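Worksheet: one structure, shown below.
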Amino acid sequence: MVGRKNGRMIVIFLVPALFFYLSVFIYPVFRTFVMSFFAVEAIEQPVSEWSFVGLGNYINLFGIELFNRSVANYLTLWLVGGIAVLLLGMIYAVILTGKVRLKKFFRAVIYIPNVISAIALGTMWINYVFRDGDGLFDRGAALLGFDTPVMWTGPYLGFWSLLIAYCFGMVGYIMLTFISGIDKISDEYYECASIEGANVFQQFFFITLPLIRGVIRSNIVIWTVSLGTGVFAWSFMFSPNNLTLPFTMPPNYMREIIFGGRGSAVIQRDSGAAASVGILIALLVLVISLLSGLITRKDDIEM
């Protein structure tokens, strides 16, 4: 009787959560997937007015320069930014798990950007770091004798400025993930290695790195997923008046063709194509996640 009562209570509590999960998450995903195979002008357009085009939306997308550039920007940011974030996060984690004073303080300082909104961080970078003439970078360049001002958010350096700013906000989270993995490694391994004469670099490559292989895999997935959704606000802030090639990302392009062009970007509303962009972003994240699992497919060494 007690088991039946518990089972009923579990069902009673699960049904509302399951209903909201299906209606708020599963149904929109399914609707977006189906919409990607139809010509749909407005997202609120009734299903009866949809026109089936098959793979037409996907094929047409790859013939649009703006979309192709957005994908190239995304992949460049994923690769270059990912390498930078993973390397910096790992270096900080290794240093701050060693015998360093004020470890908790430095961890908190490096992690602080993760608790600040993207809008606030973007405003800081654009108005105080990349500002022409009197920004932090221009002042530093002037002290080193370089000609200023430099158009850090202009068409030539704008993408790389965006990359630097976005990566700055992600390093702290990746660092803490690495720290959680390194802290699980027993000190006995390092003590034995020291007795055998291994230096810090040998200890890192032969002890730390093999034992955090799973953490590296997780961080690649975290970076990929966060980039797929988080870069929208950053790209929008660096190019607030129009959708320009150096800054555009797939999520921003998707927004444009849902709600129409803004500024100098003349884009016709096409919710079907926007749904295709969303599906492609999801597939891209899934493929990269699977590839990262294959690259680090060996199980972690038992600790």
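The values are calculated or read from the model by the stated rules, or taken from the named source; none is laboratory data. As the structure is a computational prediction, the values presented were derived from the model and not from experiment. Counting neighbours? That spans all protein chains shown, and the Cβs are built from the backbone with ideal geometry, glycine included. We work out accessible area using only protein heavy atoms, side chains counted, and drop any ligands, DNA or RNA first. Shrake-Rupley method; radii C 1.70, N 1.55, O 1.52, S 1.80 Å.
Number of residues in the stretch 218-257 that are at pLDDT 80 or above, surrounded by fewer than 18 Cβ atoms within 10 Å (Cβ to Cβ) and in contact with a Gly (Cβ under 6 Å, 6 or more places away or on another chain) equals 0. Contact map, the stretch 149-172: first residue under 15 Å from Gly135 (Cα atoms), second residue among the charged types (D, E, K, R) and part of a helix (DSSP H, G or I), Cβ cut-off under 7 Å, separation 6 or more or different chains; pairs are Pro149/Asp138; Val150/Asp138. If the condition is being closer than 24 Å to Ile281 by Cα and without any contact (Cβ under 8 Å) to a residue 60 or more places away in the chain, then the stretch 38-51 contributes Glu44, Val47, Ser51. Across the stretch 187-217, which residue is nearest to Val287 (Cα to Cα) among those that are of a type in the set (A, V, I, L, M) and open to solvent by 50 Å² or more (accessible area, probe 1.4 Å)? It comes out as Leu209.
Is it true that Asp147 is surrounded by 12 or more Cβ atoms within 10 Å (Cβ to Cβ) and more than 26 Å from the chain's Cα centre (by Cα)? Even if it seems obvious, please write down each step before you answer.
Numbers: surrounded by 12 or more Cβ atoms within 10 Å (Cβ to Cβ): no; more than 26 Å from the chain's Cα centre (by Cα): yes.
So Asp147 fails the test.
This table checks each residue for (1) touching a residue at least 24 places away in the same chain (Cβ under 8 Å); (2) β-branched (Val, Ile, Thr).
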| position | (1), (2) |
| --- | --- |
| Ile64 | no, yes |
| Val71 | yes, yes |
| Gly82 | yes, no |
| Thr97 | yes, yes |
| Phe106 | no, no |
| Ile119 | yes, yes |
| Gly122 | yes, no |
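Restricting attention to the stretch 24-45, does a residue exist that is among the small types (Gly, Ala, Ser) and in a helix (DSSP H, G or I)? No: zero hits.
Test Asp147 against the stated conditions and say whether it is charged (D, E, K, R) and touching a Pro at 6+ places or on another chain (Cβ under 8 Å). No, not satisfied.
Against the conditions (1) open to solvent by less than 50 Å² (accessible area, probe 1.4 Å); (2) under 17 Å from Arg269 (Cα atoms), Val34 satisfies every one except (2).
Quick check on Ser48: is it open to solvent by 100 Å² or more (accessible area, probe 1.4 Å), polar (S, T, N, Q) and either within 21 Å of the chain's Cα centre (by Cα) or more than 30 Å from Leu209 (Cβ to Cβ) (or both)? So Ser48 fits the description; yes. The residues in the stretch 182-219 that are touching a residue at least 40 places away in the same chain (Cβ under 8 Å) and among the small types (Gly, Ala, Ser) can be counted, and the count is 3.
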